[in-house]
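Report on the following structure.
Rule-based calculations on the coordinates, nothing more; no lab input. Keep in mind it's a predicted model, so treat the numbers as computed, not measured. Cβ coordinates were reconstructed from backbone atoms using ideal geometry, including for glycine residues, and neighbour counts include every protein chain displayed.
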């Protein structure tokens, strides 16, 4: 039986098509509609920035696997450095990543709607309830619940470094500098990034040396 003739152009086209399909399969995208729902849900999270961060981590990393945990933490670290609010920076970053400029507007709008509405509602409620007995229940009801959400979010985000490692040492030093010495958080993040880059470069050089040694 004669084998079918495969011409070079046909082979290249087939290979290119296969690579494109593989790339599309591996690349997980978030639609503009999903982007709106994710940041709308994040905007409804109580507990401040870490509450919102926990929702974004759950939606983008755990459920959709649209970004890796390392990339998520890197973008969060960058968001902590910029002058604007951290959650605003994350909305801009992920909005642009998944939807360009329209995605940025969508993410910012979705994140702002719950904040705007809830702020107005809570301000009105405070005006009418500040002299009532119900207002005295806030410190023993909502506040502990919000604190629990913040603690859970912090533990989830940091669980990958809660083991004997250089990352844990860096985290401990950063914690001490922020809590005891009261160093500016932006400086801590910049120094931490520089130290991390130095360690990463050393790891890469070590791997390269091992490969060369193994090749011999």
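Between residue 37 and residue 124, the contour length at 0.36 nm per residue exceeds the alpha carbon distance by 28.7 nm. The alpha carbon centroids of the range 75-151 and the range 42-67 are separated by 12 Å. Taking the Cα atoms of the range 29-160, the ratio Rg/Rh between the radius of gyration and the Kirkwood radius comes to 1.02.
Between residue 115 and residue 197, the modelled label-to-label distance comes to 2.9 nm, taking each label 7 Å out from Cα in the direction of the beta carbon.
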